[in-house]
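**Q** First, the structure itself, so that you have it in front of you.
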Amino acid sequence: MNSQAVHEAHPYLRAATAGVRHHARGLLAQGRPAADRVHLDVLHAHLTGLHQLLDQLAEATRPPHPAAGRHLAAAHTRLWQAATELHAAFHLVPSTAADSAECRPDRLPEGPMVLTICQRHVAAGHSVRRKTTPTNLNSPPHTTACVR
């Protein structure tokens, strides 16, 4: 694959990565404000989207490249653990008037934020529990960092 093709590959992933980096720089400029529920909800949505993508990549990669598939499966499990921690943090951060559980269809067409993050987390959890053992959920298998 030539350098031009590499730069044009996966434009949506590249845009998402650029958006996350831009947002992180913006937070630094603001003096690192504390996380609020809106941030945690959006980050949780981002992680569960990555989790789904890694799941699909691991499934497709495992048959032709078993070792690479195992690494992707380990990353899949670790992303789930990160999403679980974000979900827990969401419920520990105090609610504000802007993110209250009150249903405001004009602002949140999918329902109150607290229900949305929980529904998303439960849906992702079903996928994880079908493919991962409880032992791996608590501590995924060790994988070597670099194998060439």
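**Q** For Thr17 and Leu115, compute 0.36 nm times the residue count separating them, minus their Cα-Cα distance, and round to one decimal in nm.
**A** 32.6 nm
**Q** Here's another thing I want to ask about it. Please sort 52-65, 22-35 by packing, taking for each peptide the average over its residues of neighbouring beta carbons within 10 angstrom, highest first.
**A** Averaged packing, sorted descending, gives the order 52-65, 22-35.
**Q** Between Glu59 and Glu85, what is 0.36 nm times their sequence separation minus the Cα-Cα distance? Round to one decimal in nm.
**A** Here the answer is 6.9 nm.
**Q** Got a sec? Charge dipole of the range 1-87, +1 on Cβ for Lys and Arg, -1 for Asp and Glu; which of Thr84, Ala60, Ala24 is way out at the positive end?
**A** Checking the options against the dipole of the range 1-87, the answer is Ala24.
**Q** Right, here's the next one. Return the FRET efficiency for the residue pair Val42, Leu137: r is the Cβ-Cβ distance, R0 is 22 Å, and the value is rounded to the nearest 0.05.
**A** 0.35
Where a number appears in this text, it was derived from the coordinates with a stated rule and is not lab data. What you see is a predicted model, and the numbers here were worked out from it, not measured in a lab. Cβ: placed from backbone, ideal geometry, glycine included. Neighbour counts: every protein chain shown.
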